[in-house]
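S.K.: One structure, as structure tokens, below. Some questions next.
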Ligand SMILES: [Zn+2]
């Protein structure tokens, strides 16, 4: 059994693409326990990065949404977002945000999204939309975090 932290259907300008990958907190290179706030892992077609350091290629089974995915140890637990900027997605541009500390920053419009809060709200107000939040599941043992959409 897995515990679901789901917010239900989310309306977003970011197109819904499949997301599927998991992180094993026992074998991951960084401390990815819920106590280690602001640790993060990103995934795109090039593979996994942990706090910005490239670690592993994505596997054939992985899917990483529209603009890549960040899985973040936020103030409200594990939170995952599609890295595509919703403001730019509404205008037909993919524009993946790049992680910069506790923010995901859009290199296209300059918006900064607050991923550390667990909600992905825009900080500057350029975007009127939060990032697309993805479903995360933690196994009962707490060792495996799955991100699926
Ligand atoms: Zn943008």
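S.K.: Of the residues 103, 119, 137, only one is surrounded by fewer than 21 Cβ atoms within 10 Å (Cβ to Cβ), out of contact with any helix residue (DSSP H, G or I) (no Cβ under 7 Å at 6 or more places or on another chain) and within 17 Å of residue 12 (Cα to Cα); which?
M.R.: Working: 103 fails: within 17 Å of residue 12 (Cα to Cα); 137 fails: within 17 Å of residue 12 (Cα to Cα).
Within the list 103, 119, 137, the selection yields 119.
S.K.: Scan the stretch 55-68 residue by residue and report those that are more than 11 Å from the ligand (Cβ to nearest atom) and either modelled with pLDDT of 95 or more or more than 18 Å from residue 21 (Cα to Cα) (or both). Explain how you work it out, then say what you get.
M.R.: Step one: filter the stretch 55-68 for residues more than 11 Å from the ligand (Cβ to nearest atom), giving 55-66, 68.
Selection gives 62, 63, 64, 65, 66, 68.
S.K.: If a residue has to be exposed (fewer than 13 other Cβ atoms within 10 Å of the Cβ), closer than 16 Å to residue 136 by Cα and either modelled with pLDDT of 90 or more or in contact with a helix residue (DSSP H, G or I) (Cβ under 6 Å, 6 or more places away or on another chain) (or both) to count, how many in the stretch 1-41 make the cut?
M.R.: Residues meeting the conditions: 3.
S.K.: Next question. Quick one: in the stretch 69-93, of everything that is within 14 Å of the ligand (Cβ to nearest atom) and in a loop (DSSP other than H, G, I, E, B), which residue is nearest to residue 109 (Cα to Cα)?
M.R.: Pass one, the stretch 69-93, residues within 14 Å of the ligand (Cβ to nearest atom): 81-93.
Imposing the further condition that a residue be in a loop (DSSP other than H, G, I, E, B) reduces the set to 83, 85, 90-93.
Working: 83: 14, 85: 9, 90: 12, 91: 11, 92: 13, 93: 11 Å.
Ranking the candidates gives 85 first.
S.K.: Looking only at residues in the stretch 118-142 that are away from the ligand (no atom under 12 Å from the Cβ), assigned to a loop (DSSP other than H, G, I, E, B) and at pLDDT 95 or above, which one is nearest to residue 19 (Cα to Cα)?
M.R.: Keep residues of the stretch 118-142 that are away from the ligand (no atom under 12 Å from the Cβ), which gives 118-121, 123, 125, 130, 132-142.
Next, from what is left, pick out any that are assigned to a loop (DSSP other than H, G, I, E, B): 118-120, 123, 125, 130, 132, 140-142.
The next check asks that each one be at pLDDT 95 or above; those that pass are 118-120, 123, 125, 130, 132.
On the way: 118: 18, 119: 18, 120: 17, 123: 25, 125: 27, 130: 18, 132: 12 Å.
Only one residue tops the list, namely 132.
The values are calculated or read from the model by the stated rules, or taken from the named source; none is laboratory data. The shown structure was predicted, so the numbers you read here are calculated from the model rather than taken from an experiment. Note that we place each Cβ from the backbone using ideal geometry, even for glycine, and neighbour counts take in every protein chain shown.
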